[in-house]
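Just below is one structure, and these are the notes that go with it.
Only the coordinates and a few stated rules stand behind these numbers; no lab work does. All figures in this text were calculated on a predicted structure; none of them were measured in a lab. Cβ placement follows ideal geometry from the backbone for every residue including glycine, while neighbour counts extend to all protein chains displayed.
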């Protein structure tokens, strides 16, 4: 069981602004989106069209449309997943992920709790962070759209 941030609240105890039943999530999301956002899966690297997205705009949660990342913070990390150096204010939550015999910081949508990816401390300045996100967990809205 993982915990959200440092609050000590487990996922099963956390209430989100957007809270749907499993059936409602399955109806709203594609099977791939459901596997990542609701079951904490990971898409294969180099498969997301969002990894190559270079236009100005905003990346949003595919589960609830919350704006997560401004395109100006996106960069090519060479990992095969969309990567960002920073997130928008009040957009994400984090938890400790102890799967795969390691400890990582998992990133979630703060509004619906959907799993987005992980954040690592090997990114570019000024933050030094790499938000390595699953493209299937997001949608892209171009600027002036």
Query - Cα gyration tensor of the range 54-94 - equivalent ellipsoid semi-axes, whole Å, descending - result: 17, 12, 10
Query - Estimated inter-spin distance, residue 17 and residue 42, nm [label 7 Å along Cα→Cβ] - result: 3.0
Query raised in the report: Rounded to the nearest 0.05, what FRET efficiency do residue 27 and residue 122 have when you use their Cβ-Cβ distance and R0 = 41 Å?
Result: 0.60
Query - Relative contact order (%) - the chain, alpha-carbon pairs under 8 angstrom, separation at least six - result: 27
Report summary line: Once both label points are put 7 Å beyond Cα along the C-beta direction, the residue 141-residue 88 separation in nm becomes 0.6
Requested in this report: Take the eigenvalues of the Cα gyration tensor for the range 45-121, scale each by 5, and report the square roots as semi-axes in whole Å, largest first.
Outcome: 20, 17, 11
Report summary line: Binned at 10 Å from zero, the C-alpha pair distances of the chain give percents of 12, 44, 36, 8, 0
Query raised in the report: Hey, how many Å between the Cα centroid of the range 34-59 and the Cα centroid of the range 64-110?
Result: 11
